[in-house]
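Report on the following structure.
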Amino acid sequence: MARAKRSKSYRLASTNDRRSRDLTLNADVVMVEVDNPLALEPGEKIVALRAIRNDPLGRLHSHHQIDEAQYRGGRAFQSDWERAERGPQAVDPTREYVDGVRGRESVTESQRQAVLRLNRIKRELGTDGAALVHDVLILGLTMEEIGQRRAVRSQRWNDYFSKRLQECLDRLALSYGFATDGSIER
């Protein structure tokens, strides 16, 4: 009778191994190399787990469906959107109540620049491209969900939306300076 193999001890793992050992059943993660925040020398890398469950851009990048420039362009768009957005704000109970009217907060320079970049990108992408990028990068919709919202539910339309999204990500990479005209080839 064969002997049962014993699992390796956790003590044998490297002291710099920060990967989680107790993932949930429905965890959707990929291993990525990132800069070591505790490194003594610049350029040291560690392997980390990145959750891609609610991140369509991260999923496309981890499955090698988009390249690094498209990924970085998409992240820059998301960053600009977050900077420009002035979403719901909490009421501060420590401030004095005056008829429920709050003074308007001034727009910062970074918000203004983000809005200008977003407006320029919307013109470059067109109405349909801007809506598609917003649906995927901001709302986190899949191609099937986009098709359902537009009342077109076939694989052909999903393929079209995927191809169009890649074109829009190419345009974002160009707009944000992560790619040049000669580097984009399809």
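Which peptide among 32-44, 111-123 comes first, and what is the full order, when sorted by highest mean count of other Cβ atoms within 10 Å?
111-123, 32-44
Please give the charge dipole size of segment 116-181, origin at the Cα centre, charges +1 on K and R Cβ atoms and -1 on D and E Cβ atoms. Round to the nearest 20 debye.
So the magnitude is around 200 debye.
What is the gain in length, in nm to one decimal, between Lys45 and Lys122 on full extension, counting 0.36 nm per residue of separation less the C-alpha to C-alpha distance?
Full-extension gain reported as 24.1 nm.
Which ³J(HN,Hα) values in Hz, rounded to whole numbers, follow from the phi angles of segment 53-59 under the Karplus curve 6.51 cos²θ - 1.76 cosθ + 1.60, where θ = phi - 60° and Gly and Pro get x?
Once θ is set to phi - 60°, the couplings for segment 53-59 become 4, 10, 10, x, 5, x, 5 Hz.
Under 5 Å between amide H atoms, partner at least 5 residues away or on a different chain: which partners does Val29 have, H built in plane at 1.01 Å?
Residues meeting the criterion, in which the H sits 1.01 Å from N, are Ile52.
Just so you know, all these numbers are worked out from the coordinates, no wet-lab data involved. Note that this is a predicted model, so its numbers are computed, not measured. Methodologically, a virtual Cβ is constructed for each residue, glycine included, from the backbone with ideal geometry; neighbour enumeration extends over all protein chains shown.
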